[in-house]
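The values are calculated or read from the model by the stated rules, or taken from the named source; none is laboratory data. Everything numeric here is computed off the predicted structure, so don't read it as measured data. Every residue, glycine as well, gets a Cβ built from its backbone with ideal geometry; the counts of neighbours run over all protein chains shown.
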Amino acid sequence: MSLKIRMSRGGAKKRPYYSIVVADSRSPRDGRFIEKLGTYNPMLDKGHPERITLKSERVQHWLSVGALPSERVSRFLGDAGLTPKPEHHNRPQKSTPRAKAQERLKAAAAAAAAAAGESAAS
């Protein structure tokens, strides 16, 4: 049985509230779980102390037993100092500007360089 530390959604429509749980990886997202380890309320401000609550001793226990955290939960655990902070992967292919935008950027850079060259020559 492979264990996952993941979020289970609760709350009303457009008012999410998540429980951080240990569950069998085959069970559904909001289905059966083994133990509740904490909560996450995305509706609160980022600096609010009750936005993320964790039972750190139980999290350490489940990690030592071999439970694997989901991507989002591993970021929470890294912020709490329970695990090393995971690397944030960018998707450079999706975030790069398209061809026309790159041409405009090159033209703007060339114009700026030419203007800088003229002001330096004067």
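Selection over region 1-32 of residues that are assigned to a strand (DSSP E or B) and at positive phi gives a count of 1.
How many residues are in contact (Cβ under 8 Å) with a residue 60 or more places away in the chain and either in a helix (DSSP H, G or I) or surrounded by fewer than 16 Cβ atoms within 10 Å (Cβ to Cβ) (or both) when one looks only at region 53-73?
So the count comes out to 6.
Take the residues of region 1-32 that are of a type in the set (A, V, I, L, M) and out of contact with any helix residue (DSSP H, G or I) (no Cβ under 9 Å at 6 or more places or on another chain): which is nearest to GLN60 (Cα to Cα)? Filtering region 1-32 for residues that are of a type in the set (A, V, I, L, M) and out of contact with any helix residue (DSSP H, G or I) (no Cβ under 9 Å at 6 or more places or on another chain), the one nearest to GLN60 (Cα to Cα) comes out as VAL21. Any chance region 92-101 includes a residue that's more than 24 Å from LEU3 (Cβ to Cβ) and in contact with a helix residue (DSSP H, G or I) (Cβ under 9 Å, 6 or more places away or on another chain)? Checked against the condition, which is being more than 24 Å from LEU3 (Cβ to Cβ) and in contact with a helix residue (DSSP H, G or I) (Cβ under 9 Å, 6 or more places away or on another chain), region 92-101 yields at least one hit. The residues of region 74-122 that are assigned to a helix (DSSP H, G or I) and of a type in the set (Lys, Arg), listed by number, are ARG75, LYS94, LYS100, ARG104, LYS106. Which ones in region 33-52 are part of a loop (DSSP other than H, G, I, E, B) and surrounded by 11 or more Cβ atoms within 10 Å (Cβ to Cβ)? Across region 33-52, the qualifying residues are PHE33, ILE34, ASN41, PRO42, MET43, LEU44, ARG51. Consider region 74-105 and keep the residues that are loosely packed, with under 10 Cβ neighbours inside 10 Å and basic (Lys, Arg). The one that is modelled with the lowest pLDDT is ARG91.
Given GLY38, GLY11, which one is in contact with a strand residue (DSSP E or B) (Cβ under 6 Å, 6 or more places away or on another chain), free of Cβ contacts under 8 Å to residues at least 12 places away in the same chain and of a type in the set (Gly, Ala, Ser)? Of GLY38, GLY11, the one residue that is in contact with a strand residue (DSSP E or B) (Cβ under 6 Å, 6 or more places away or on another chain), free of Cβ contacts under 8 Å to residues at least 12 places away in the same chain and of a type in the set (Gly, Ala, Ser) is GLY11. Residues in region 20-32 that are free of Cβ contacts under 8 Å to residues at least 24 places away in the same chain and buried (at least 18 other Cβ atoms within 10 Å of the Cβ) were compared, and the one that is farthest from SER74 (Cα to Cα) is ALA23.
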